[in-house]
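The values are calculated or read from the model by the stated rules, or taken from the named source; none is laboratory data. Owing to the predicted nature of the structure, the values given are computational and were not obtained by experimental measurement. As a convention, Cβ positions derive from the backbone with ideal geometry for all residues, glycine included, and neighbour counts pool all protein chains shown. Surface areas here come from the heavy atoms of the whole protein model, side chains and all, with no ligands, DNA or RNA. Shrake-Rupley method; radii C 1.70, N 1.55, O 1.52, S 1.80 Å.
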Amino acid sequence: MLDVEFVRAQFPAFDEQSLQGQAFFENAGGSYTCGQVIDRLTRFYRERKVQPYAPYRASELGGAEMDEARARLAALMGVAAQEVSFGPSTTQNTYVLAQAFRQWMDPGDAIVVTNQDHEANSGPWRRLADAGIDVREWEIDPETGALDPEKLNELLDDRVRLVCFPHCSNVVGEINPVARITALAHAAGAFVCVDGVSYAPHGLPDVGALGADIYLFSSYKTYGPHQGIMVMRESLGWLLPNQGHHFNGDTLYKRFTPAGPDHAQVAACAGMVDYFEALAAHHGVIGETPAATGAAVHDLMRDHEAALLQPVLDYAASKNSVRLIGPSRASERAPTVALAANVHGGALAAQLADHGIMAGGGDFYAGRALEACGVDMEKGVLRLSFVHYTSKAEIDKLLQSLDAVL
């Protein structure tokens, strides 16, 4: 079982006086930062805030920390170090990727997008229609919000070059079978781009095992600094045209990051791995490989979250005043719970704030999914999201506060 006291001791926010008495339930918008990341970021700004990779000590140390972050994150996710790159955000990374595909594809070629996605993994790809690309929408079930892989099969043919879908939606919450969907796309000759932003905070996946060609997530939601992290597998990365400076075209992790990297934040991302490894060591689950250690930490997080999530789902299902979006079983979803009510989600969040609950209301850039599910877009939803550092006491406080508000 996850030692929640140990976990919370790794996050300075839980000792912050200004946050005492408040329970954080808007983690899908960004998590607290672990101390290991804060320490590395502070050290970089104090000691190594120089141009990296020059032949003097501070510069060599700065460059080495950046390389360390890339290598250790890659190992944890079961991919090669050069397949991991950093950008200012996942949205920015996706726009750069879309431009690369625009240049690589021919008019009449097709891509598949979903209406379950956050706008970041939908909007940039949909704009390829302006270049004559056939944009096909894989639609969710309006009752459940789910994506049916069999429906994807109906959209696949020899003109489809790319299938874009989320590992899980930031409002529906259902965990999609990435390996199965990827296999379907590959069998049709298409690549896949997986938006992992809403899944990765609940345990970094073994991207190598999933088989995804592109996997995107945001480090500010995985206990780190504000960066977009992208896995681009070599089999695809060398096919697409270089989007970086011409002299960086021979380096895979620079081909799709035209902006200069934020040296300090890239280096600080190694602190995320420090934290995951500290969890593994404390719980005695260090694996034979970094990917095995990552998988063990993933399972620790997921098991704890599922145990806390089921009472929240049961509570929502028992209330006629709200509609739960997505699955009602914790094993099938991430702990990101969207509730539609007859009042604005933001108004409910404001009332919960008076009870010491930090949550959010609105559409969360997932308007296509909510509209497809029949949600009144003028009201949006109340979203309650948590991660592995959430305690049972905080869940109890949430349910009591919901009783008072609803």
* To do: Mind counting the residues in the stretch 301-310 that are open to solvent by less than 60 Å² (accessible area, probe 1.4 Å) and either outside any helix (DSSP H, G or I) or among the hydrophobic types (A, V, I, L, M, F, W, C) (or both)?
  => 4
* Asked: Is there a residue in the stretch 116-134 that is open to solvent by 10 Å² or more (accessible area, probe 1.4 Å), farther than 20 Å from residue 216 by Cβ and of a type in the set (D, E, K, R)?
  -> yes
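Table: residues versus (1) modelled with pLDDT of 95 or more; (2) assigned to a helix (DSSP H, G or I); (3) touching a helix residue (DSSP H, G or I) at 6+ places or on another chain (Cβ under 8 Å); (4) open to solvent by 20 Å² or more (accessible area, probe 1.4 Å).
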position	(1), (2), (3), (4)
146	yes, no, no, yes
152	yes, yes, yes, no
172	yes, no, yes, no
192	yes, no, yes, no
* Asked: Filtering the stretch 35-71 down to residues that are of a type in the set (A, V, I, L, M, F, W, C) and over 11 Å from residue 268 (Cβ atoms), which residue is surrounded by the fewest Cβ atoms within 10 Å (Cβ to Cβ)?
  -> 54
* Asked: Taking residue 220 and the conditions (1) in the same structural domain as residue 93 (by the TED database); (2) assigned to a loop (DSSP other than H, G, I, E, B); (3) of a type outside the set (Gly, Ala, Ser); (4) open to solvent by 10 Å² or more (accessible area, probe 1.4 Å), which numbered condition does it fall short on, given that it satisfies the others?
  -> (2)
* Collect the residues in the stretch 36-51 that are in contact (Cβ under 8 Å) with a residue 60 or more places away in the chain and closer than 20 Å to residue 10 by Cα, keeping them in residue-number order. => 36, 37, 38, 39, 40, 41, 44
* What is the residue count in the stretch 15-28 for residues that are open to solvent by 40 Å² or more (accessible area, probe 1.4 Å) and assigned to a helix (DSSP H, G or I)? -> 4
* Is it the case that residue 74 is modelled with pLDDT under 95, surrounded by 17 or more Cβ atoms within 10 Å (Cβ to Cβ), in the same structural domain as residue 253 (by the TED database) and among the hydrophobic types (A, V, I, L, M, F, W, C)? -> no
* To do: Report yes if residue 94 is part of a helix (DSSP H, G or I) and without any contact (Cβ under 8 Å) to a residue 12 or more places away in the chain, otherwise no.
  => no
* Any idea how many residues of the stretch 334-357 are crowded, with 21+ Cβ neighbours inside 10 Å and either under 19 Å from the mean Cα position of the chain (by Cα) or farther than 23 Å from residue 169 by Cα (or both)? -> 6
* Asked: Mind checking which pairs have a first residue in the stretch 232-257 that is under 21 Å from residue 208 (Cβ atoms) and a second that is part of a loop (DSSP other than H, G, I, E, B) and of a type in the set (Lys, Arg), Cβ under 8 Å, 6 or more apart or different chains?
  -> 232/255; 237/255; 240/255
* Please verify whether the stretch 289-296 includes one or more residues that are out of contact with any His (no Cβ under 8 Å at 6 or more places or on another chain), modelled with pLDDT of 95 or more and over 23 Å from residue 33 (Cα atoms). => yes
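Residue-by-condition table, conditions (1) open to solvent by 30 Å² or more (accessible area, probe 1.4 Å); (2) among the charged types (D, E, K, R):
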| position | (1), (2) |
| --- | --- |
| 250 | yes, yes |
| 265 | yes, no |
| 279 | no, no |
| 283 | yes, no |
| 296 | no, no |
| 299 | yes, yes |
| 312 | no, no |
| 320 | yes, no |
* Restrict the check to the stretch 45-68 and report whether at least one residue is touching a strand residue (DSSP E or B) at 6+ places or on another chain (Cβ under 7 Å), of a type outside the set (Lys, Arg) and assigned to a loop (DSSP other than H, G, I, E, B). => no
* Structure fact -> Among helices (runs of 4 or more DSSP H) completely within the stretch 320-405, the ones holding 3 or more residues that are free of Cβ contacts under 8 Å to residues at least 60 places away in the same chain are 345-353, 392-405
* To do: Test residue 32 against the stated conditions and say whether it is hydroxyl-bearing (Ser, Thr, Tyr) and either open to solvent by less than 30 Å² (accessible area, probe 1.4 Å) or assigned to a helix (DSSP H, G or I) (or both).
  => no
* Structure fact -> By residue number, the members of the stretch 174-190 that are within 15 Å of the chain's Cα centre (by Cα) and open to solvent by less than 20 Å² (accessible area, probe 1.4 Å) are 176, 178
